[in-house]
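A.B. asks: Pasting in a structure now, in structure tokens, and then I'll have a few things to ask.
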Amino acid sequence: MQHILLLLCLCGIWVPPASAQMRQAPAEQARAVILEIQNCLRLMGYNSGPMSGEMGAETQRALQQWAHKAKLPPNAADDTVFFQFFRECEHAEQAPQRAARQAALLHLQQPNRIVRLPMTPLGGDLAAARVQFTPTLLRQGPAPQAYQPVSPPAGVQQVKYPSGRLWLKAWISEAPTEGTRHPAVVFLHGGHYFGGSLDWDEAAAFVEAGFVMLIPMLRGENGNPGHFEAYYSEVDDIIAAGHFVRALPYVDPNHVFLAGHSVGAILTVLTAMMPSPYKAGAALDGYLDIETYGYYRAQWPFDRKQPEEIRLRNPMAFIPSVRIPLVLFATHGIMREMNERFVLQAQQLGKHCELITVPGSHGEMARPAVELAIPWFRRHITQ
């Protein structure tokens, strides 16, 4: 019964007296969470009773059976229980973006929420590990999100940059009129498609601050050639974009920076672990533990049951590989906890890694974080 209460507490359905200050979820959210729990239990072979959205005796009994089979200790942290339960649900092929999961994650993102996530064992060097590994795609095709054709606004042009045998699209700010070389930033958009001016405007402060900015579209995105691989060969495209910018006659080749938001933040950190032309990186609110990552998970084209496919895409597994200075911007709750855990481990390993908390939602934080990244990058410009 203790694990049942922990799960309900985690999802905001039941609030113990000691946590009365935590906001209780609305009734419809609570029902959605219980329905998701009941569905997951059924997929894992337990009799959870009728799909009622109510925590009846049969659902409680099924949860007790699952907790016993999972061999969870009596003092297991509630967040560990949550991730363990839904990770098993993933293995039962449960769609990851159901309302209940979103509701529970939103609960974890509340300010003042103390989150305890399971630790990820640290690997060695990511570049060396990738040399010895060949990803296997169960399906080949474009990135999973639909896109609309976009045209660059004034002051921006579309170009193509080479990544291996692929020629990929990108938007780049117009060349400066003065003859001096400028620092540059490659900015990685969120999600798995480029939204045109919406994504450009999110990072436009870099251009206003005197940086040349390029936003690349990666393989399989926006009609680009190549297959979507979800955090693997996309890293090669980002490195190639950096070399493309670095070679421009008006760019200072020693001061090319990397930044990204959301999915772009995850890719920023992975790229920071590889040999690249980048001087430093800024990751904006990235969920850095791919092992417990939920969004887009059902759309990943590789076998999610193969641990090495996950590990080679997981920034949390290769913190010793960080090669350049990194600043991680995070909102409150689970995003701050995860990024803070990354930073603390990186600093213990002697890496130059900082954490800055930014108020607002996941979407709202991008522009203020870009404003904060500008002076941080400038501190890494050597005369």
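All of the numbers you see were taken from the coordinates with simple rules; none came from a lab. Here the structure is a predicted model, which is why all the values come from computation and not from measurement. Here the Cβ is made from the backbone with ideal geometry for all residues, glycine too, and neighbour counts use every protein chain on show.
A.B. asks: Counting only residues 5 or more places away or on other chains, whose amide H sits under 5 Å from the amide H of Ile356 once H atoms are built in the peptide plane?
C.D. replies: Here Leu328, Phe329, Ala330 satisfy the definition.
A.B. asks: Continuing with this model, one more query. Rounding to the nearest 20 debye, state how big the charge dipole of region 126-378 is about its Cα centre with +1 on each Lys and Arg Cβ and -1 on each Asp and Glu Cβ. Walk me through the numbers before you get to the answer.
C.D. replies: Numbers: 20 positive and 23 negative charges, 129 e Å.
Result for region 126-378 is approximately 620 debye, rounded to the nearest 20.
A.B. asks: May I pose another question? Let me know the whole percent of all Cα-Cα pairs from region 183-298 that are separated by more than 17 Å.
C.D. replies: Numbers: 3496 of 6670 pairs.
For region 183-298, the fraction of Cα-Cα distances above 17 Å is 52 percent.
A.B. asks: Along each of its three principal axes, how wide is the spread of alpha-carbon positions in region 126-378, in whole angstrom units, largest first?
C.D. replies: Taking max minus min along each principal axis of the Cα atoms, region 126-378 gives 52, 39, 34 Å.
A.B. asks: Rank Gly242, Ala205, Met335 by how far each Cα sits towards the positive end of the charge dipole of region 126-378 (+1 on Lys, Arg Cβ; -1 on Asp, Glu Cβ) and give me just the farthest.
C.D. replies: Looking along the dipole axis, the top candidate is Gly242.
A.B. asks: Further question on the same structure: Can you give the convex hull volume per residue for the Cα atoms of region 255-330, as a whole number of Å³?
C.D. replies: On the way: hull volume 7.0 nm³, N = 76.
Cα convex hull per residue, to the nearest whole number: 92 Å³.
A.B. asks: Straight-line reach only, C-alpha to C-alpha below 20 angstrom: list the lysines that Lys169 could link to, leaving out same-chain residues fewer than 8 apart.
C.D. replies: Within reach: Lys160.
A.B. asks: For Gly333, enumerate residues with amide H under 5 Å from its amide H, sequence gap 5+ or separate chain, H modeled in the peptide plane.
C.D. replies: Asn112, Arg113
A.B. asks: Let me ask you something else. Taking the Kirkwood radius as the inverse of the mean 1/r across Cα pairs, report the Rg/Rh of region 268-383. Spell out each step's value before the answer.
C.D. replies: On the way: Rg = 14.6 Å, Rh = 15.0 Å.
Over the Cα atoms of region 268-383, Rg/Rh equals 0.97.
A.B. asks: Let me ask another. Taking every DSSP beta bridge that has both residues in region 126-378, what percent is antiparallel when rounded to the nearest 5? List each step's numbers first, then the result.
C.D. replies: Working: 12 of 34 bridges.
Around 35 percent antiparallel, to the nearest 5.
A.B. asks: Highest mean first, what order results for 307-315, 138-146 on Cβ atoms within 10 Å? Write down the numbers at each step before the final one.
C.D. replies: Details: 307-315: 20.3, 138-146: 14.2.
Descending mean neighbour count gives 307-315, 138-146.
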